[in-house]
1. Could you tell me which residue of segment 1-47 is modelled with the lowest pLDDT, considering only residues that are in a loop (DSSP other than H, G, I, E, B) and among the β-branched types (Val, Ile, Thr)?
2. Which members of segment 25-43 meet the condition of being out of contact with any Gly (no Cβ under 7 Å at 6 or more places or on another chain) and among the β-branched types (Val, Ile, Thr)?
3. I need the full set of residues from segment 1-15 which are exposed (fewer than 15 other Cβ atoms within 10 Å of the Cβ) and either farther than 11 Å from Ile50 by Cα or in contact with a Phe, Trp or Tyr (Cβ under 9 Å, 6 or more places away or on another chain) (or both), in order please.
Amino acid sequence: MPKVPEDVGCRNEECVKKDECKRQEIAKNGTAREVRSFGGTPEKGCGKFIQK
């Protein structure tokens with residue numbers, strides 16, 4: 001599976017790690033070149049997590 005570039009944001013509001021993830025932050029502040037929704041759930045993260 002190809003690695004997701006670090007400038008791709010995430011808009012998944014259910015993810016357990018959303019408040020700690022740089023992808024969520026760049027999606028909200030508009031600096032992401034693209035915004036996707038990855039597969040995080042209230043119980044687990046998505047695997048594309050980047051620590052703030």
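1. Val4
2. Thr31, Thr41
3. Listed by number, the residues that qualify are Met1, Pro2, Lys3, Glu13, Glu14.
The values are calculated or read from the model by the stated rules, or taken from the named source; none is laboratory data. Note that the structure is a prediction, hence the values are computed from the model and not measured. With ideal geometry, Cβ positions are generated from the backbone for all residues, glycine too; neighbour counts draw on all protein chains shown.
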